[in-house]
């Protein structure tokens with residue numbers, strides 16, 4: 001059942017009405033040409049089919065009808081000479097004069113059938129598109145639920161361990177350190193007993209959210225290890241960097257000030273952390289890294305909680321005798337960059353002294369503005385030790401840890417002075433180098 005429009009002026013309107021009735025038309029509307037355009041342009045009450053009798057060569061009338069009809073079928077009754085031109089003008093079907101009723105009926109049925117199939121296809125495509133969007137959302141939700149702990153919103157244990165394994169392999173490939181921090185909420189069971197399990201869940205959410213914000217590099221990750229235990233993954237981070245990160249995590253949680261009357265170490269919620277960092281090798285298992293950090297965590301618990309433990313190398317203080325040459329590994333200077341190395345070292349020393357001045361006024365932003373370009377230059381020139389030292393300095397400045405930043409800046413100055421002395425000794429003070437320069441201890 002469908003609705004049809006007959007444009008007024010059709011001399012064969014009786015045959016058209018009969019053919020429409022035989023095709024199953026439920027309603028026929030007759031209108032003038034101008035009114036037909038208005039009917040076809042209307043948003044509602046539009047017909048399912050339009051029939052127009054073309055007289056003469058004025059094909060623009062058909063074009064206007066076709067534009068107004070849009071996806072509606074337009075059957076045109078015309079002279080046989082104009083069939084091709086009218087099809088190009090936008091007609092769906094053409095019936096030549098004199099009109100043969102059976103042909104007209106067949107054309108109308110074909111147009112109505114094609115219209116119904118087009119609607120069905122459009123509806124099916126829309127349903128398919130909606131289904132695809134729904135399935136994609138469900139897939140993303142499943143992937144998220146497979147990786148995220150539902151309570152805290154951080155990575156779950158399975159995903160964290162799989163990522164830790166991948167970063168361990170990356171460490172072996174790139175010869176880069178991998179740091180981890182094992183974290184435990186202090187006296188969490190006592191917190192649950194005093195504030196209830198709902199209060200304990202809210203505490204876990206607040207603490208995990210705060211610790212996640214402490215990990216500022218995109219590669220760092222916080223995961224829930226189990227119960228009230230968490231683990232922080234720190235790719236490209238050595239023991240010094242892991243220590244800085246662990247202390248930042250501890251201080252951040254304590255600064256939340258969540259009341260904890262049942263704690264034996266503080267009046268607020270605190271954490272205890274153990275950190276470790278290693279460079280992966282073929283004969284070293286990942287379990288060793290986790291066990292080392294876990295052992296450090298146990299030492300911190302035994303020492304009274306609300307503290308960090310680990311085996312970070314100590315930075316020389318001003319009171320200790322200076323033996324800087326024993327701290328640094330050999331460095332190979334690539335002759336391709338040899339003409340740029342002296343300038344890089346001079347910039348590093350000047351930058352470190354600028355940072356020391358910024359430390360005196362506690363201006364971390366100024367430190368970062370100086371350290372960031374130094375880090376990029378050291379990485380570009382392959383000066384790995386300098387890159388690591390500047391990275392420690394940048395990390396300490398990012399965390400606004402003034403004491404650690406002073407120690408890191410002192411280490412940069414020591415190393416640059418050491419390299420400059422050896423560089424001048426080996427090259428005679430001339431640049432560029434003619435051969436690879438090995439800086440020995």
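Normalised by the number of residues in region 4-118, what is the relative contact order in percent for Cα pairs under 8 Å and 6+ residues apart? It would help to have the intermediate numbers written out before the result.
Numbers: 174 pairs, mean separation 30.9, N = 115.
Computed over region 4-118, the figure is 27 percent.
Go through 117-129, 173-185, 96-108 and give me the packing order, highest mean Cβ count within 10 Å leading. Present the calculation step by step, with values, prior to reporting the outcome.
Working: 117-129: 10.4, 173-185: 22.2, 96-108: 15.8.
Those peptides, ordered most packed to least, come out 173-185, 96-108, 117-129.
Just to verify a number: FRET efficiency for residue 379 and residue 210, C-beta to C-beta distance, R0 = 30 Å, to 0.05? Walk me through the numbers before you get to the answer.
Values: r = 31 Å, r/R0 = 1.03.
Computed FRET efficiency for residue 379 and residue 210: 0.45.
Distance between the pseudo-spin-label points of residue 170 and residue 60 (7 Å out from Cα toward the beta carbon): 6.8 nm. Relative contact order of region 71-149: what whole-number percent is it, with Cα pairs under 8 angstrom and at least 6 residues apart? It comes to 24 percent, rounded to a whole number. Computed extension gain for residue 256 through residue 285, at 0.36 nm per residue and net of the alpha carbon distance, reaches 6.8 nm. Between region 132-185 and region 239-288, the alpha-carbon centres lie 19 Å apart. Each peptide in 209-218, 62-71, 385-394 receives the mean, over its residues, of other Cβ atoms within 10 Å, and ordering these scores from highest gives 385-394, 62-71, 209-218. Centre-to-centre separation between the Cα atoms of region 57-102 and those of region 375-393: 76 Å. Given a Förster radius of 60 Å and the C-beta distance between residue 113 and residue 147 as r, what FRET efficiency does 1/(1 + (r/R0)^6) yield to the nearest 0.05? E(calc), rounded to 0.05, equals 0.75. Hydrodynamic estimate: the Kirkwood radius of region 157-309 over Cα pairs, inserted into Stokes-Einstein at 4 °C and 1.567 mPa s, corresponds to D of 83 µm²/s.
Placing a label point 7 Å from the Cα of residue 198 along the Cα-to-Cβ direction, the residues of region 134-170 with a backbone N closer than 20 Å are 150-153.
Computed from the coordinates by the stated procedures, all read-outs in this text should not be read as laboratory data. The shown structure was predicted, so the numbers you read here are calculated from the model rather than taken from an experiment. Reconstructed Cβ throughout: ideal geometry from the backbone, glycine too, with neighbour counts over all protein chains shown.
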